[in-house]
1. Test of understanding: among A:R458, A:R400, A:R394, which residue is under 30 Å from B:G498 (Cα atoms) and not in a strand (DSSP E or B)?
2. Restricting to segment A:302-321, give me the number of residues that are in contact (Cβ under 8 Å) with a residue 12 or more places away in the chain and either within 14 Å of another protein chain (Cβ to nearest Cβ) or outside any loop (DSSP other than H, G, I, E, B) (or both).
3. Taking the residues in segment B:526-552 that are aliphatic (A, V, I, L, M), over 43 Å from the mean Cα position of the chain (by Cα) and not in a strand (DSSP E or B) as candidates, determine which candidate is nearest to the other protein chains (Cβ to nearest Cβ).
4. Considering segment A:239-257 alone, what residues qualify as being outside any loop (DSSP other than H, G, I, E, B) and either closer than 10 Å to A:C297 by Cα or modelled with pLDDT under 95 (or both)?
5. Determine the pairs where a residue that is closer than 15 Å to B:L310 by Cβ, located within segment B:334-347, has a partner that is surrounded by fewer than 17 Cβ atoms within 10 Å (Cβ to Cβ) with Cβ atoms under 6 Å apart, the partner being 6 or more residues away or on another chain.
6. Please verify whether B:T298 is touching a residue at least 60 places away in the same chain (Cβ under 8 Å) and buried (at least 23 other Cβ atoms within 10 Å of the Cβ), treating the condition exactly as stated.
7. Considering only residues that are hydrophobic (A, V, I, L, M, F, W, C) and within 9 Å of another protein chain (Cβ to nearest Cβ), which ones fall in segment B:425-466?
8. What number of residues in segment B:187-211 are surrounded by fewer than 21 Cβ atoms within 10 Å (Cβ to Cβ) and in a helix (DSSP H, G or I)?
There are 2 protein chains.
Amino acid sequence: MTSPHPPVAIAFYGGLGEIGRNMASIEVDGRLLIVDVGLIFPDAEHFGIDLILPDWGALAERAADIEAVVITHGHEDHMGALPFFLREFPSVPVYGTKLTVGLIEAKLEEHPEIDADLHEVEAGERRDVGPFDLEFVGVTHSIPDGLAVAVHTPHGTILHSGDFKLDQTPIDGHPTDVPHLAALGDDGVALVLADSTNAESPGFVPSEKTVGSTMHEVFEHATGRIVLTTFASHIHRVQQAIDAAVAAGRKICFVGRSMLRNMPIARELGYLSYADEDVVDLREVAGLAREQVAIICTGSQGEPFAALSLMAAGRHRQVTLERGDTVVMASSVIPGNESAIYRSINGLVRQGATVVHKGVAPIHVSGHAAADELKFFHNVLRADAFIPIHGEYRHLVAHRDIAMECGVPEDQALVCVDGDVVLLEDGRVRKGEGFQPGRVYVDGLGVGDVGNAVLRHREQLSADGICVAVVVIDTRARLLGDPAVTQKGVIYEPEQAGLLEKASTALATELDRVDHDGDQATIRRQAVQTLARFWRDEVGRRPVIHVQIVEA
Amino acid sequence: MTSPHPPVAIAFYGGLGEIGRNMASIEVDGRLLIVDVGLIFPDAEHFGIDLILPDWGALAERAADIEAVVITHGHEDHMGALPFFLREFPSVPVYGTKLTVGLIEAKLEEHPEIDADLHEVEAGERRDVGPFDLEFVGVTHSIPDGLAVAVHTPHGTILHSGDFKLDQTPIDGHPTDVPHLAALGDDGVALVLADSTNAESPGFVPSEKTVGSTMHEVFEHATGRIVLTTFASHIHRVQQAIDAAVAAGRKICFVGRSMLRNMPIARELGYLSYADEDVVDLREVAGLAREQVAIICTGSQGEPFAALSLMAAGRHRQVTLERGDTVVMASSVIPGNESAIYRSINGLVRQGATVVHKGVAPIHVSGHAAADELKFFHNVLRADAFIPIHGEYRHLVAHRDIAMECGVPEDQALVCVDGDVVLLEDGRVRKGEGFQPGRVYVDGLGVGDVGNAVLRHREQLSADGICVAVVVIDTRARLLGDPAVTQKGVIYEPEQAGLLEKASTALATELDRVDHDGDQATIRRQAVQTLARFWRDEVGRRPVIHVQIVEA
């Protein structure tokens, strides 16, 4: 039963040097379906970089072959790069559920030049998108209205899980559609790609409802002002905060740009429910007693200018905290944000607030299935092959091992990294020829112009600063006066200006001494060496040395 | 019963902007006892800084009043700044237990110019040090031979806990000396200063022995090579690793500078025990089968050049890993090191190793007492007053609350920060006049010359690089040719050199246009503004602009 169709090719783009968390493509008979177009977040090693995009350069020549984009859910790491993608591929239609499309529309309002072709789909629906026979499966995650996507191909059905967990009592009453997954499994699934984030965590993630119980308990006993922070996309958690606040007789006040943007959208689309009279504006808060209000705000990750961070620093113009107030951080600690988050907590405690965070109370649960949930998932689908996605390498390997425990043969459980291409043919997978994966840095107005070379320069500058020497020579390459030596970030000038004079003298002496034969390259090399040695000997530092030669 | 003695003054130095973790002083009748002289570790915000010292500038004028230094235990954050301290105060005697003194001696070998006056004391001992009547109490921690210090003063007894926990089955059979603490309590303790690190963690820290059980289990089932990492000062954990390795029929091999330095010291002083025939040199490892060896190495925090990090990157010259090997990370994740540690784990998994870390197995326990242990501690001492130390602000407040639960009155439970001075008089404490606390940065050869101003420059340089313009003018301040505009870290020159020419032209045009009246300051200001605007408009970045004017 050899198929006349070429193999289906699955490719992974960008990511964190590991695996297609942010963007994948599935190619069937020459047509491309893109699943997710997400952002990668810069960390401390990405000096000055604003955003990181997966490098979809491999698609540049194939614009006409791209049939559609499916966005599994409305998180930034799955849809945040869309404005950049649509600028390059403007006519590609984008599919997502109602909430996802609503959030994409809100995002695109900041990019009026983009005229996106957005299509709403529903969980449970089967739909042909060009030559693609797609089925959308509802999944539970830390944002409502998430999807897994099944692609029925001539070589078998592929299921891409999106981000999911198996919470059996989610807030909206729609647990991940296990019967739908089971039906797909009954018909036969050739290949599963699935979320590996929590594959190293044993057991099951507790239900989101447990967070609601904690909130009720905390709100019930709180006497002063309550400030609660969570992700502005975590609509269900905000719903629980609203319910706990109303039950405790408090008015709600949303604070922070993304809270104020997302909550009306979520309410209008039917994902969030509250009465008008239960919500007050920030200006009205001052007129209410401290125990009459619950502020729901941004800043759960210690972002420097977010509402909660300003409160922690005592610099929020409208909201101050005092002894007896309670701050609830109903959120995770995203790796890399630890210092900023603990700085916030310490600041809040210094203001006198009691801070309830996940380190001291069950006020957060993950949105990603833990190991035993993944076993359920694999046993329901009974797929022939598996590729773990969405995780660090250690998570992928842990998830591979789980899938094998559930019956996927070792040679059909492939740990992939970005740039890998997997071929599915007649129900079996193998690795194909890969491509060079990459990330594209967005820095200011530039997209892709800053690369590792520039970042290396910034790193050097960040460690020991820069020394600039201007060497003025005459037309016969003789030094005219002592070189001007200046610096930034090497020494503290008010106290050490003498060092610059000394450097200048040392440089002049050295340039007079050596026979550079009028060659500017020689002068430059000599100057760089002299100054590098000078700073090493004087202060033990290695600044960037920048020499400018002026012929006067 | 008013005492003729002036109040006893307790002062806190340095720390992480919070509290005397690293260094405190206790002044009795004009004489100063220093407790700990520790290092603060730089993080990503300390661009290029090598080490941070507590600022003991407040003591500069009082060198003659310093009676002694007591080091509670041999961790870097408690004794690492000693070489710098002793350079400034060379004649001050230093007291510590045998292991602590041994580790100080090893550290001072790198500073042969320092002739330290070191004194060994024993847990349980009472000793007069000048006018100070001291009692040393043995405590359990993540390094052996730790001390709490009681200071009997005319205004009452002060107990400084050092770092401690109440493990009832420590490896060396010496649990924290609760009977000694109880005896002090019976006689009356006026003030306790105690470790707050885990005050937010409920319950008790499991015994160090539980880590040994995990090791035995892992070692028993491991088939390939075993590589175990932990802190090179955690002698008891290394002992357990040795025992597990020998029980599993493996030879031990120490790898990494601090392992190779500390283990012989610990063995010689009687804190670590192993047979010569159980240890092999790294060169012998190649000759052994994979299941015959257990490597004990440095790198538990993902330090870039440590042994384990090199193995993770596949760049260790002697040790390679392969499928079937087991790496055991018997260590904590120190805040700020998360990314580096996870990078190591991912690298090790990519080499094929199974990685056992605290996220997946009980292979680490903390060295600091958790909340319920702290309650025991307070109830045994029954002190009249309390100052939480060693922790972030949130930990201090949590510990303050615990002490109050155990009976310390609210006005005698003082949350302090560095720079605070607390006065103890007739058994009661109050805050006195504080001083400006600070940290001293060590950068290369410089101690204290780099401050926040230089760090701000480095931060600016790190974000968007630097643009350097050299403007050559004649003696009448007329521009001679187009300015030379160069950059580092702003753009990628091979592809964007045209921007530099454009910047030069823009600058020349602007400088020709404006009437600067021959004033160099005006020319400079105009040039900076023009270039700042140029980069903002062209690439949306804000590099440091450095303008050098040359009169030719």
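The values are calculated or read from the model by the stated rules, or taken from the named source; none is laboratory data. Note that the structure is a prediction, hence the values are computed from the model and not measured. Glycine gets a Cβ as well: all are built from the backbone with ideal geometry, and neighbour counts include every protein chain shown.
1. A:R458
2. Selection size over segment A:302-321: 10.
3. B:A552
4. A:C253, A:F254, A:V255, A:R257, listed by residue number.
5. B:G347/B:A313
6. For B:T298, the condition - touching a residue at least 60 places away in the same chain (Cβ under 8 Å) and buried (at least 23 other Cβ atoms within 10 Å of the Cβ) - is met.
7. B:L445, B:V450, B:A453, B:V454, B:L455, B:L461, B:A463, B:I466, listed by residue number.
8. Adding up the residues that qualify gives 3.
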